[in-house]
Amino acid sequence: MTAETTALLPIAGGRRTRAQLRVLVRPHRARLAGALALLVAGTAAGLVTPPLLGRIVDLADNGGSTAGFVLTGVGLVAGALVEAALAGLGVALLAQVGEGVLARLRERFVESALRLPLAQVERAGTGDLTSRVTNDVAVIAEAARSALPEFARALLTIVLTLAGMAVLDWRFLAAALIAVPVQAYTVRWYARRAVPLYARQRVAVAAQQHHLLATIDGAPTIRAFRIADEHGDRVAGKSQQAVDLLLRGVALQTRFYARLHVAEFAGLAAVLATGFFLVSGNAVSIGTATAAALYFHGLFGPINVALALVDDAQAAFSGLNRLVGVADLDPPERQRAATGDAPQAVVVRGVDFAYLPERPVLTGVDLTIGRGERVALVGGSGAGKTTLAKIIAGVHQPDGGTVAVPAGEVALVTQEVHVFAGALCDDVRLARPDATDEEVRAALAAVDALGWVEQLPDGLDTEVGSGGHPLTAAQAQQLAFARLILADPPVAILDEATAEAGSAGARLLERVATAALAGRTALIVAHRLTQAVTADRVVVMEAGRIVEVGPHRDLIERGGPYATLWQAWSDQRARH
């Protein structure tokens, strides 16, 4: 796929992503409030440690009693236990909120991705879609599980610690704030560079995955033409681009942390100096100055965590933009279903379509398929048959013209049938999850599959698909027809659905297809012209246009393009 034809899937802007997050968080508001309350209480309990340690210093300086030391020690232990319990509960509750939000976002992403126009997915490349549902989700999931709770706790610790320093003496707070300008500048400097860098990383990873998947899928062809080195170099180049951007990110993080250390040194030096002068002037005790220094030193960890998580936040937010960009798409099927009253027939008017600009595949196509009518669509390779079928099915949206179909789903069965991993009955039941075992058996019987299914090791419960019991091409297609019967759509489209089964299998599947299409409006993209013989009408396409329409016998007598196709196909059958 060239740079000219690649068009990445949508990426949401920051404002849209934040709006969607608010919508996703809304059902979890009570749990979120409880988590924050627990974190505040736990953080406050942990902040008693520096004053108590300062109290021990004052007791030692003034010759305090043993009871005073013991009571202070008990307070330290109690504060640590309460902090651990409350903070643990708060972090767990906050992580649950994050996981709930992410789960709903994943569901919306999958719902939208499954309804994307196929042409849009093909232009973007499989790598773009898979990188969003794998890498981006992984980064966001890690942020939801650990980064978000850690950031919330770190932020609360910073705020409450600064408040504690102000309670000791406002001058300690003023000294600590000397570090803030350096830290703020560092974060701003980092964010300006990190946001575009992480966005480029995501795109680079998507491109790398696209080329890797394409190379794996096309491995037999690559070996046959001895071009493995060329494709290996291409994948290596894309991988190197991703690695280079990753190393640039690591270098940026190193400079980020170095600047933070400067802020820490400046702030601690200011607090210690302030403590020295206040103790010298008898404004505070040595224990209070010690507590202030411990408070500020205790900020090193939370501040570094909070600022370091800016890095995770940038990566996660970049991933969120990419997920929301797809999850927010309005499925084209819904747009079409919402327009006007559903007709009783399939009506195609003036349809134009092109996969690439200035390369039309369909031009001004008009076609009406009456209710219950069975139409065979024939033509040479590249005539536009499959494209027209997919447009009627709603897989592609026309560039011009209109398509109207009866109310309900339009089912499309192609020659590329996927057998899902799991029990065979569940594979068939995908078409209607509430179907009973009896209904599944009836659907299998209707497509002549029940006999061989019952002979499998576990019958309907036999594991099929990846890692399961292997099925032949004809058997897999029979399952697809069984799903069609269970789904019971008013309109069914078969796109060369018997082409991959071999001669004997094709004859079986033609009988099965006839049973599955009974009582439905049907469009059959005919690979074998025997299907055209039994159709009510035959539609012949050439170069993206309909050139002949009529019953099989009439078209043969007419001696036009269909008669030529029939003669060529008949001669080929006779030779075999």
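The values are calculated or read from the model by the stated rules, or taken from the named source; none is laboratory data. Owing to the predicted nature of the structure, the values given are computational and were not obtained by experimental measurement. With ideal geometry, Cβ positions are generated from the backbone for all residues, glycine too; neighbour counts draw on all protein chains shown. The area values use the complete protein model at the heavy-atom level, side chains included, leaving out ligands, DNA and RNA. Shrake-Rupley method; radii C 1.70, N 1.55, O 1.52, S 1.80 Å.
Data table
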quantity: Inter-part distance where region 506-543 and region 254-278 are each reduced to a Cα centre, Å; calculated: 80
quantity: Sequence-distant residues sharing a close amide H with G379 (under 5 Å, placed H); calculated: M541
quantity: Table column - 3J(HN,Hα) (Hz), region 386-402, Karplus curve with 6.51, -1.76, 1.60, x for Gly and Pro; calculated: 5, 4, 5, 4, 5, 5, 5, 6, x, 5, 10, 9, x, 6, x, x, 9
quantity: Long-range tail of P(r) for the chain (Cα pairs > 45 Å, %); calculated: 40
quantity: From phi via Karplus (6.51, -1.76, 1.60), per-residue ³J(HN,Hα) for region 463-476 in Hz, x at Gly/Pro; calculated: 6, 10, x, 4, x, x, 5, x, 10, 6, 4, 5, 5, 4
quantity: Inter-site label distance for T472 and L36 at 7 Å from Cα along Cβ, in nm; calculated: 6.5
quantity: Heavy atoms of S466 accessible to a 1.4 Å probe, total area in Å² rounded to 10; calculated: 110
quantity: A273-A92 pseudo-label distance in nm [points 7 Å out on the Cα-to-Cβ vector]; calculated: 4.7
quantity: Accessible surface of the chain, 1.4 Å probe, proportion on carbon and sulfur as whole %; calculated: 59
quantity: Accessible area of V491 in the full protein assembly, 1.4 Å probe (Å², nearest 10); calculated: 10
quantity: Amide H within-cut-off set for G400, under 5 Å, with H built and near neighbours excluded; calculated: D352
quantity: Solvent-accessible surface (1.4 angstrom probe) belonging to L160, in square angstrom, nearest 10; calculated: 50
quantity: Cβ-Cβ FRET estimate between F225 and R259, R0 fixed at 41 Å, reported to 0.05; calculated: 0.20
quantity: Peptide ranges 17-30, 41-54, 544-557 listed from the most packed, as the mean C-beta count within 10 angstrom indicates; calculated: 41-54, 544-557, 17-30
quantity: Relative compactness, region 365-431, computed as alpha-carbon Rg over 2.2 N^0.38 Å; calculated: 1.38
quantity: DSSP-defined beta bridges in the chain - what % are antiparallel, rounded to 5; calculated: 45
quantity: Two-decimal ratio, region 74-231, of alpha-carbon radius of gyration to 2.2 N^0.38 Å; calculated: 1.61
quantity: Computed over region 384-487, Kirkwood Rh from alpha-carbon pairs, angstrom; calculated: 14.9
quantity: Stretchable slack from R200 to F300, in nm (0.36 nm times residue separation minus alpha-carbon distance); calculated: 32.9 nm
quantity: Expected 222 nm ellipticity per residue - DSSP helices of 4 or more, -39500 (n - 2.57), all of the chain, to 500; calculated: -21500 deg cm²/dmol
quantity: Net length gained if the chain between A84 and Q567 were fully extended (0.36 nm per residue, minus Cα distance); calculated: 165.5 nm
quantity: Cα-centre dipole for the chain with unit charges at Cβ (Lys and Arg positive, Asp and Glu negative), debye to 20; calculated: 1540
quantity: Descending semi-axes in Å of region 1-81, equivalent ellipsoid built from Cα gyration tensor; calculated: 55, 18, 9
quantity: For region 83-112 and region 35-55, distance of Cα centres in Å; calculated: 25
quantity: Distance in nm between pseudo-label sites at I178 and L76 (7 Å out along the Cβ direction from Cα); calculated: 2.9
quantity: Accessible surface, the chain, averaged per residue in Å² (probe 1.4 Å); calculated: 49
quantity: Segment S65-R359, extension gain: residue separation times 0.36 nm, minus the distance between their alpha carbons; calculated: 96.5 nm
